[in-house]
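See structure below.
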Amino acid sequence: MKAFDYARATDLSDAIGASGCLIAGGTNLLDLMKLEVETPSALVDITRIGLNEIVPEGDGLRIGALVTNAACAADPAVRRGWPLLSRAILAGASPQLRNKATTAGNLCQRTRCSYFMDNRSACNKRQPGSGCAAIGGINRNHAILGTSDACIATYPGDMAVALAALGAQVEIEGPGGTRHIPVADFHRLPGEDPSRDNVLEVGEVITAVLLPAPVEARQIYRKVRDRASYAFALVSVAAVLRMQDGAIAQAKLAFGGVAHKPWIDPRVDSLLVGETPSKALFDKAADLLLEGAEGQGGNDFKIPLARRTLAAVLAEATAE
Amino acid sequence: MKDSYDSPDDRNLLDQTRQGVIGQPLDRPEGRLKVAGQAPYAAEYDRPDCAEGVLVGATITKGRVKAINRDAVLGMPGVLAVFSAPEMLRRAAQGGAGEAPMQDVRQVEFPLQPIALVVAETFEQATHAAKALVVEYDDQSSKAVLVPSPGRAEPAKDPTENGDLEGALKDAAHVVDVTYTTPGHASAAMEPHAAIAEWDGDSLTLHGSLQMVKYNVDELADSVGIPSDRVRIVSAYVGGGFGSKLGISHEAVAATIASRQLGRPVRVVMTRQQVFQAVMRRSETVQRIRLGADSDGRLTALGHEAFVSNLPEESFSEPVLQATQFLYGGENRRLTLNISRINRLTAGSVRAPGEAVGMPALESAMDELAVALHLDPVELRKRNVPDQVPGEGTPYSSRKLVEALDAGARAFGWDRRRPLPCQQREGEWWIGMGMASAARVNILAKAEARVTLRGDGTVLVETDQTDIGTGSYAILGQIAAEMLGQPIERTSVHLGDSLFPQGAGSGGSWAASSTGSAVFRACEAIRAELARGLNCAPDDLQLRDGMAWVEGTEPRPVTDLMDGDIARIGRIEPGELMEKVKQATYGAFFCEVAVNAFTGETRVRRMTGAFGFGRVLNAKTARSQCLGGMVWGIGMALTEELQFDHRDGHLTNHDLAEYHVPVHRDIPEMEVLLIEERDAAASPLQAKGVGELGICGAAGAVANAIYNACGVRLRDFPMTPDKLLADLPDPFAGPT
Ligand SMILES: Cc1cc2nc3c(=O)[nH]c(=O)nc-3n(C[C@H](O)[C@H](O)[C@H](O)COP(=O)(O)OP(=O)(O)OC[C@H]3O[C@@H](n4cnc5c(N)ncnc54)[C@H](O)[C@@H]3O)c2cc1C
Ligand code: SF4
């Protein structure tokens, strides 16, 4: 680990525009620092600046950036109105990690691509211009949608997938003021510049996640993984779906483990609405979703897996 | 008494002794210390002035270190020295080597092989400097062999050829000809490899995390060129080893060299990643299994042709065929083991070398044969229990295979299994049951232990035997307490210090029966002494709770018969019985799985194991070993796999986030049945080993249950969703 300076922010203003890397729970950042994949010269600890409450806001909910994953998942209001979020968080990591991990840190967690975490390998995300060792390498956990020649990594998290399906917003404070970004637009596709995971600008701080009013709908988070717990998603599906008179009245889906961001495809949602559930419909939805999907060898299976997981989730969500 | 164990001791003395602690499910005496953080592990000894060393891994796959730019890092804060001495290890020693393994770290044979040690005042400084170290190589990576290829393989041992395999297969009523593959595995012990070396003049003390102290002393001494009697190793508590700590490895020799040079203690702790990358792997295997049976399901032909890999010149080859040699009949047989040489870290012993991977393949193939025969898989096994070792004619010692099959089947409810696949569906899940036999060779190893019955009646057991989390402390104390008739609270056990007599070490499941027998014999010598005091034959001596008597006389305090401490050293060595009688442990696994019809995820719902391994010395530690083994089996079946990049050969999943051992949620209700057995051919305790038996076939039971659940027969472990998906039936279709 490279030596670094450490400062503790006492309030938000210390953190905004700070000339150091923010550290919250540290569960991702410290691992990467030990590997010297990240080598910040200074850390700004934001765990004492507040922003650790969940409070109602309008009909929705404001989840402070420093609310831990454990607290968020256990929050009665969250569990009542947005159980999807609670389920997605609990599907991730382990209790120890969730006790430390924060809402903002979770959104900003970096990819689990093994070449990214290994300084010897070519990686455009870690070292722009060096190439992408995952292409042609071990890429079982890599993306099938929205990849580029520069990077095929996934955003590995669960929480953000649920937030995308719930239509949540990220609140960001920067030197220039406050902005709100839908979670679904917070992460970027890799394109030419995979070094940037998301749209945060230097000096900006995530202050909260805002949940819109709860919807009366079935909320399902389905995470397919190699072991029953403590493993990242191979594919995950978050669904908010409401039935009326035997037809799908409302559908909002988001997918994890398939792209550099929580993947949403409004065309798929629209296709479903108004239709009577059937195997054929689920197949059509999967066709649309996976139209541009491309495997890299090791992750080819994610294409049929996404199809089948979508079918399972839709079958469950539309069951009588 | 001769040290070598040449004729069965069937006195069953431990059944006649009176203390009543042998076999009891007693807690491990050191358990409390461990959970309270008071049992120091190798790296935890407080040594003032201890410097910290961090190993540096090669960034090439093959070649030679030409130059190391020491000066650049020597200027960094805290950095004391950079070592790349020829004596430093490039490979870890194999179990029982007793001499230096391959040295000269500057010769690079696999990616991330240790090539240097950076020592600094703090661990962080050393880590940073180790990362910054610039090394120049003569890079021959393009000549490295990265993928094991059967084409380049050579025989690893003499093949077994009996009768006419091909002919018998041609004539057989039913034939199975299948190839199974298993990937590389990591030991993944909880405690990473660690050592603190400290010199006092020309004497060395090493606190290390090691399994076999007596060999490790010789290996370390030989590595640094000093006599073994100048080396003391302390390995009092070991946080798991599973084979990876059988031999001395990089950190211990590096710490020793650095400490000698710097004149102060040096600690080297490998990172989790380094342990995965540099120490020891289980070889991947390719196993072609051919079975031919008559219409009754009796094997007439058995072919098991296996292929493994290792580094050039490495003596170890995963002994895949070990149990196939003796488990089932089939007079026409060919068993071959071939090895190819590749540039990957050393392949060596990982818990249950051989059977861990050979048995699941054999047992899956047997399941395929049962399907072909429309015969119950348990019945198929029972029909093929041979009278003597096929091809050798050797008799078996006590064998509880059939009892385990029956008892396990009963406890599990095997009769509720539906013979055809895709018969039971619960929601999204296909439910199925599978079984497999368990078998593992049994080994008695040379061992010594000193037992002292002190003047105050307390008992002290001393041996360099290690306890790697298995229960050596517990069972050695129980044997001594039982034999000397003292309450267990009055017995203490001191282990893992090379100043003590040489135990067998922890490996090959032999610790309990071997070092236990040494303790037993030391106690017998003490009993003889006490019997003299009572004027009786030793076997007539009755001892309990510190009292001694012969039948019909008044008990007297044992201390009255003594004139101060009585200390005796007990010794045992393998003898003729090892050759004359086939000794092994046996069992059976039964498993119920659920396979998700949509996603191909497999979850084990319950598992039963029944095991016969001679006398049970402590029912709790024995059960724990069985449980642990079954957990390993589940990991092997479903998740564990070392993944190497095929372009430069480096290991890509080198931590516990990415190398998936089972987590709590993967492990359901587990039931363990311990079958009563006395095997006098195995040891004077009539005990055999149990540390590995629980793995040996377990993954096969899971694989067979997957087939029974959903009809997909995978032959490539681990059975992850991606592999199952392709062949799963339509999830919307119900049971057939
Ligand atoms: C073994 C393991 C398994 C895991 N499994 C899963 C899993 O299955 N599913 C899953 O979703 N996650 C998983 N995780 C990831 C875990 O959820 C994240 O590590 C955690 O959420 C990160 O939160 P943190 O507060 O610790 O972030 P930190 O490590 O403190 O920070 C992470 C990043 O976020 C930035 N950051 C933090 N707060 C802010 C802020 N307010 N504004 C702007 N930037 C900020 C930091 O600068 C840093 O770059 C796993 C992690 C580990 C180690
Ligand atoms: S996939 Fe992305 S993160 Fe992984 S090596 Fe390629 S560029 Fe780096």
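Number of residues in region A:223-262 that are over 20 Å from A:A315 (Cβ atoms), more than 14 Å from chain B (Cβ to nearest Cβ) and touching a helix residue (DSSP H, G or I) at 6+ places or on another chain (Cβ under 8 Å): the value is 2. One residue stands out in region A:27-37 among those that are surrounded by 17 or more Cβ atoms within 10 Å (Cβ to Cβ) and part of a loop (DSSP other than H, G, I, E, B): the one that is farthest from the chain's Cα centre (by Cα), namely A:L35. Since B:M578 meets every condition but one in (1) of a type in the set (A, V, I, L, M); (2) in contact with a Pro (Cβ under 8 Å, 6 or more places away or on another chain); (3) in contact (Cβ under 8 Å) with a residue 24 or more places away in the chain; (4) assigned to a helix (DSSP H, G or I), which condition does it not meet? Condition (2) is where B:M578 drops out. On inspection, A:A160 qualifies as modelled with pLDDT of 95 or more, assigned to a helix (DSSP H, G or I) and not aromatic (F, W, Y).
For region B:50-80, which residues satisfy the criterion of being away from chain A (no Cβ under 14 Å) and at positive phi? B:G63, the sole residue that qualifies. Taken over region A:163-181, the criterion of being within 16 Å of ligand 1 (Cβ to nearest atom) and not in a strand (DSSP E or B) is satisfied by A:L163, A:A164, A:A165, A:L166, A:A168, A:P175, A:G176. Of all the criteria given as (1) closer than 20 Å to A:I206 by Cα; (2) assigned to a loop (DSSP other than H, G, I, E, B); (3) more than 17 Å from the chain's Cα centre (by Cα), the one not satisfied by A:V55 is (2). Residues considered: A:A133, A:A101. Of these, the only one that is in contact with a strand residue (DSSP E or B) (Cβ under 9 Å, 6 or more places away or on another chain) and more than 8 Å from ligand 1 (Cβ to nearest atom) is A:A133. Report yes if some residue within region B:70-86 is within 33 Å of the chain's Cα centre (by Cα) and surrounded by fewer than 20 Cβ atoms within 10 Å (Cβ to Cβ); otherwise report no. Within region B:70-86, one or more residues are within 33 Å of the chain's Cα centre (by Cα) and surrounded by fewer than 20 Cβ atoms within 10 Å (Cβ to Cβ).
In the set A:E216, A:E171, only one residue is at pLDDT below 95, more than 16 Å from ligand 2 (Cβ to nearest atom) and of a type in the set (D, E); that residue is A:E216. Contact annotation: residue pairs with Cβ atoms under 7 Å, 6 or more positions apart or on different chains, pairing a residue in region B:646-665 that is more than 8 Å from chain A (Cβ to nearest Cβ) with a partner that is among the basic types (K, R) and outside any loop (DSSP other than H, G, I, E, B), are B:D655/B:R272; B:L656/B:R272.
Annotation for region A:66-79: no member residue is within 16 Å of ligand 2 (Cβ to nearest atom) and not charged (D, E, K, R). Condition test on B:E314, is it surrounded by fewer than 24 Cβ atoms within 10 Å (Cβ to Cβ), modelled with pLDDT of 95 or more and outside any loop (DSSP other than H, G, I, E, B)? Spelling it out, it is not the case that B:E314 is surrounded by fewer than 24 Cβ atoms within 10 Å (Cβ to Cβ), modelled with pLDDT of 95 or more and outside any loop (DSSP other than H, G, I, E, B).
For every residue, the table says whether it meets (1) buried (at least 21 other Cβ atoms within 10 Å of the Cβ); (2) under 21 Å from the mean Cα position of the chain (by Cα); (3) in a loop (DSSP other than H, G, I, E, B); (4) acidic (D, E).
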residue: B:E136; (1), (2), (3), (4): no, no, no, yes
residue: B:L169; (1), (2), (3), (4): no, no, no, no
residue: B:V178; (1), (2), (3), (4): no, no, no, no
residue: B:M190; (1), (2), (3), (4): no, yes, yes, no
residue: B:L206; (1), (2), (3), (4): yes, no, no, no
residue: B:V217; (1), (2), (3), (4): yes, yes, no, no
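Put simply, of B:E161, B:E191 the only residue that is in contact with a strand residue (DSSP E or B) (Cβ under 9 Å, 6 or more places away or on another chain) and in contact (Cβ under 8 Å) with a residue 12 or more places away in the chain is B:E161. Among the numbered criteria (1) farther than 19 Å from A:L66 by Cα; (2) within 16 Å of ligand 2 (Cβ to nearest atom), which one does A:D226 miss? Just one mismatch for A:D226, condition (2).
Scanning region B:672-691 for residues that are part of a loop (DSSP other than H, G, I, E, B) and either aliphatic (A, V, I, L, M) or within 16 Å of B:L476 (Cβ to Cβ) (or both) yields B:I675, B:A680, B:A681, B:A682, B:S683, B:P684, B:L685, B:G689, B:V690, B:G691.
Every residue, every condition in (1) more than 14 Å from chain B (Cβ to nearest Cβ); (2) of a type in the set (F, W, Y); (3) within 16 Å of ligand 1 (Cβ to nearest atom), yes or no:
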position	(1), (2), (3)
A:T47	yes, no, yes
A:A93	no, no, yes
A:Q96	no, no, yes
A:Y115	no, yes, no
A:C123	no, no, no
A:N141	no, no, yes
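Per this entry, A:G274 is not counted among residues that are within 16 Å of ligand 2 (Cβ to nearest atom) and assigned to a loop (DSSP other than H, G, I, E, B). Right, B:E462: modelled with pLDDT of 95 or more, out of contact with any helix residue (DSSP H, G or I) (no Cβ under 9 Å at 6 or more places or on another chain), farther than 30 Å from B:G247 by Cβ and not β-branched (V, I, T) or not? Criteria not met by B:E462. Against the criterion of being of a type outside the set (G, A, S) and within 16 Å of ligand 1 (Cβ to nearest atom), B:P662 qualifies. Within region B:23-53, the set of residues being hydrophobic (A, V, I, L, M, F, W, C) and touching a strand residue (DSSP E or B) at 6+ places or on another chain (Cβ under 8 Å) comprises B:L26, B:A42, B:A43, B:C50, B:A51.
For A:V268, state whether it is within 20 Å of A:E291 (Cβ to Cβ) and either within 17 Å of the chain's Cα centre (by Cα) or within 14 Å of chain B (Cβ to nearest Cβ) (or both). Considered against the rule, which asks whether it is within 20 Å of A:E291 (Cβ to Cβ) and either within 17 Å of the chain's Cα centre (by Cα) or within 14 Å of chain B (Cβ to nearest Cβ) (or both), A:V268 comes out as no. Restricting the search to helices (runs of 4 or more DSSP H) fully inside region B:1-102 and requiring at least 1 residues that are in the same structural domain as B:V119 (by TED's automatic domain parsing) gives B:70-74.
Suppose the filter is over 30 Å from A:E57 (Cα atoms) and either hydrophobic (A, V, I, L, M, F, W, C) or in a loop (DSSP other than H, G, I, E, B) (or both); does A:L241 pass it? It is false that A:L241 is over 30 Å from A:E57 (Cα atoms) and either hydrophobic (A, V, I, L, M, F, W, C) or in a loop (DSSP other than H, G, I, E, B) (or both).
Anything in region B:720-732 that is facing chain A (nearest Cβ under 10 Å) and not charged (D, E, K, R)? List them, or say none. Of everything in region B:720-732, those that are facing chain A (nearest Cβ under 10 Å) and not charged (D, E, K, R) turn out to be B:T720, B:P721, B:L724, B:L725, B:A726, B:L728, B:P731, B:F732.
Among the residues of region B:103-132, those identified as part of a strand (DSSP E or B) and surrounded by fewer than 19 Cβ atoms within 10 Å (Cβ to Cβ) are B:Q103, B:Q107. When you look at B:V672, is it more than 8 Å from chain A (Cβ to nearest Cβ), surrounded by fewer than 20 Cβ atoms within 10 Å (Cβ to Cβ) and closer than 24 Å to B:D467 by Cα, yes or no? When the stated conditions are applied, B:V672 does not pass them. Residue check: is B:V308 buried (at least 22 other Cβ atoms within 10 Å of the Cβ) and assigned to a loop (DSSP other than H, G, I, E, B)? Criteria not met by B:V308.
The values are calculated or read from the model by the stated rules, or taken from the named source; none is laboratory data. Just so you know, these numbers come straight off a predicted model, no measurement behind them. Neighbour counts run over all protein chains shown; Cβ positions are idealised from the backbone, glycine included.
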